[in-house]
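Structure, as structure tokens:
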Amino acid sequence: MEPQIQLPLDVLQRRPVHGRVQETNTGRNQGRMSLWYLSTSHFAWLVSLIHAELIPKEHWDVPSWINRDLMTESANILEEQEVQYAHLLSYHQMCRWNSGFFYKHPALANTRYYWRVEPKVHFFCSVDYDVFRYMEDHNKTYGFTINLYDSPQSIPTLWPETMKFVASHNEHLSSNGAMKWLTDSERRPEHNKGANGYSTCHFWSNFEIADMEFWRGQAYEDYFNHLDRAGGFFYERWGDAPVHSIALGLFEDSSKIHW
């Protein structure tokens, strides 16, 4: 597939990747539009510049308030419930990082929009327009391709913690949000019950195009900090997809979410 639009690529990685990703240009794009990627394959046809960056240690490490013994015991319980990646610490760290830190990376300080691309992604048609320009011109905050249901066993306290946050920060709620979508109990009532009031329906964040000003805003920052202190990224398996989706459904005007 030949791309119509050439985009820069930011590779954010935990360790240097030798021989696989290299700087292809000595300059850095200082504009407000970019594309970021979490791995190192299946991207050559899409990019014009590659910037390899390391994730700051303090953005990735398990925070000091997490009880390691409780984390291990909680992972055992998740494993008994057949929750995937229960004992894979790096997966929990990745979910937390994607939820609350990637947009704080210094390399993205002058970037507003991003397009997340994952390994083995396939595009079934040519992308023949500037997706970032479309987002800006149409005042869109978030773009997605598919909704999925999450495993209720992985997020049993995410919605109760969210409701605790809302009770003390209702000033952040949008008057045109998607509460009905978030709390739907008709399509999969067992999911709503298992997740204690949350439908578990979420935007699949493996493909997302978004305005980082939303994540950088006060509403999302307050919400993420509340969740982070609750510990569910490690005591359960809260993913960035439901965290992003719940925040968008509560704090953003639904007309700014694009399919």
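Bear in mind these aren't lab numbers, they're just calculated from the coordinates by the rules spelled out. Computed from a prediction, not measured in an experiment: that's the story for all the values here. Here the Cβ positions follow ideal geometry from the backbone for every residue, glycine too, while neighbour counts run over all protein chains shown.
In what sequence, highest mean first, do 216-225, 236-245 appear when ranked by Cβ atoms within 10 angstrom? Please report the intermediate quantities before stating the final value.
Details: 216-225: 16.8, 236-245: 24.8.
Ranked from most to least packed, the peptides come out as 236-245, 216-225.
If you average over every viewing direction, what projected area does the convex hull of the Cα atoms of the stretch 39-198 give, in nm²? Before the final figure, lay out the partial values.
Working: hull surface 52.0 nm².
Across all orientations, the stretch 39-198 yields a mean hull projection of 13.0 nm².
Name the chymotrypsin sites (Phe, Trp or Tyr not before Pro) in the stretch 90-133 that are in a loop by DSSP and that have at most 15 other C-beta atoms within 10 Å, would you? Intermediate values should be presented prior to the final figure.
Numbers: sites: Y91, W97, F101, F102, Y103, Y113, Y114, W115, F123, F124, Y129, F132; in loops: F101, F123, F124, Y129.
For chymotrypsin sites (Phe, Trp or Tyr not before Pro) across the stretch 90-133 that sit outside H, G, I, E and B with at most 15 neighbouring Cβ atoms in 10 Å, the list reads F123, F124, Y129.
Nothing charged except the Cβ atoms of Lys and Arg (+1) and of Asp and Glu (-1): what's the magnitude of the dipole of the stretch 7-258 about its Cα centre? Round to the nearest 20 debye. Can you show the working numbers first?
Details: 23 positive and 31 negative charges, 88 e Å.
Approximately 420 debye in magnitude.
How about the stretch 146-188: which trypsin sites (Lys or Arg not before Pro) there are in a DSSP loop, with at most 13 other Cβ atoms within 10 Å of their Cβ? Each step should come with its number before you reach the end.
Numbers: sites: K164, K180, R187; in loops: R187.
Answer in residue order: R187.
How much length is gained on full extension from E73 to D222, taking 0.36 nm per residue of separation minus their Cα-Cα distance?
Values: separation 149, 0.36 × 149 = 53.64 nm, distance 2.83 nm.
Computed gain between E73 and D222 is 50.8 nm.
Between N196 and Y149, what is the label-point separation in nm under the 7 Å Cα-to-beta-carbon projection?
2.0
Work out the charge dipole of the stretch 151-256 with +1 on the Cβ of Lys and Arg and -1 on the Cβ of Asp and Glu about the Cα centre, then indicate which of S245, A167, S185 is farthest towards its positive end.
Result: S185, furthest along the dipole toward the positive end.
Pairs to check: K164/K256; K57/K193; K57/K180. Give those whose C-alpha atoms are more than 32 Å from each other in this structure.
On the way: K164/K256 25 Å; K57/K193 37 Å; K57/K180 38 Å.
Over 32 Å Cα-Cα: K57/K193; K57/K180.
If you average the C-alpha positions of the stretch 74-146 and of the stretch 200-239 separately, how far apart do those two centres end up, in angstrom?
Spelled out, the Cα-based centre of one part sits 10 Å from the other.
How many nm is it between the label spots at R188 and N170, if each spot is 7 Å from the Cα in line with the beta carbon?
3.0
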